[in-house]
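The values are calculated or read from the model by the stated rules, or taken from the named source; none is laboratory data. Please read these numbers as outputs of a predicted model, since none were measured by experiment. Here the Cβ positions follow ideal geometry from the backbone for every residue, glycine too, while neighbour counts run over all protein chains shown.
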Amino acid sequence: MTVFELLLPAFVASLILTGIHAYLGVHVVERGVIFVDLSLAQIAAFGTTVAYLLGYDLHATGSYVCSLAFTFLGAAVFAFLRVHRKTRIPQEAIIGIAYAVAAALSILVMSKATQETGHLKEMLIGNILSVGWPEILKTAVLYSLVGAFHFVFRRRFLLISMNLAEAERRGWNVRYWDFLFYVSFGFVVTSSVAIAGVLLVFCFLIVPSVAAMLFSERLSVRLAIGWSMGAVVSALGVALSFQLDLPTGAAIVATFGAALVLLAVVRVLVRRRHLA
């Protein structure tokens, strides 16, 4: 197998993850629930550990269904416990607590798994370099369906994310639409965690969206910047991981961080030149 054949599946998987997460990242940043992806990803990972303890193979359908069920439960909690804008407890606090509890429970469950714990931990961390073409195809189909769902209801989702007061003024059931949003989000997260791990999924969601916000407020421009950044950074991260013999997921995350810092510096320099 050539180097190109070895790295190509990981790069294609990164492109697919970028495509859906860069869009969902716009919603997450606008809603101010930055860590919802990290929390749902950890809840999905907890569901997988429970399935493993119950005797399911890590890659079996039963493990996926169990992980998805736990993710849906988290989605319901985040949707129906949406806090009022005037409350002293922000929704981000609830999301953070959910992440911490799910992470702790995952550790407790793994402590009872007497076999193949190393393989289980590797699956939870993610190994995008080992992804195969059948899994890539299945993920692409699933994300296409989620993308089509969001396209059909894009006006409602975008208005709730960007102008909650107007959505409430129109009498929309915000909790109901939040639940649908988080459920669709859960489908994406459950599949993404199995491929890339918790941290890399979080980076695909947040970093391209934040980088795009540095340069534009228009949704179309932000998506274009996010998708372009995701593609370039993914290719660079995969290449660096091979050249320097580094873990692929961690290399991509570090490359995302470096790219964001570079873009922030460019934004400052461009702004200063414009003002001058």
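Could you run through segment 123-167 and say how many residues are among the hydroxyl-bearing types (S, T, Y) and touching a helix residue (DSSP H, G or I) at 6+ places or on another chain (Cβ under 7 Å)? Qualifying residue count for the region: 3. A167 fulfils the conditions (1) closer than 29 Å to L81 by Cα; (2) in a loop (DSSP other than H, G, I, E, B) except for a single criterion, (2).
Does M213 satisfy the criteria of being among the hydrophobic types (A, V, I, L, M, F, W, C), over 12 Å from A10 (Cα atoms) and either buried (at least 21 other Cβ atoms within 10 Å of the Cβ) or in contact with a Pro (Cβ under 9 Å, 6 or more places away or on another chain) (or both)?
no
Tell me, please, whether a residue that is outside any loop (DSSP other than H, G, I, E, B) and either modelled with pLDDT of 90 or more or acidic (D, E) (or both) can be found in segment 191-202. Explain how you work it out, then say what you get.
Taking segment 191-202 first, the residues outside any loop (DSSP other than H, G, I, E, B) are 191-196, 198-202.
Applying the additional criterion that residues be either modelled with pLDDT of 90 or more or acidic (D, E) (or both) yields none.
No, segment 191-202 has no match at all.
In segment 22-54, which residue that is over 10 Å from the mean Cα position of the chain (by Cα) and of a type in the set (G, A, S) is surrounded by the fewest Cβ atoms within 10 Å (Cβ to Cβ)? Only one residue tops the list, namely G32. Return a yes/no flag: does segment 216-229 have any residue that is surrounded by fewer than 23 Cβ atoms within 10 Å (Cβ to Cβ), at pLDDT below 85, under 27 Å from V146 (Cα atoms) and within 17 Å of the chain's Cα centre (by Cα). Scanning segment 216-229, I find no residue that is surrounded by fewer than 23 Cβ atoms within 10 Å (Cβ to Cβ), at pLDDT below 85, under 27 Å from V146 (Cα atoms) and within 17 Å of the chain's Cα centre (by Cα), so the answer is no.
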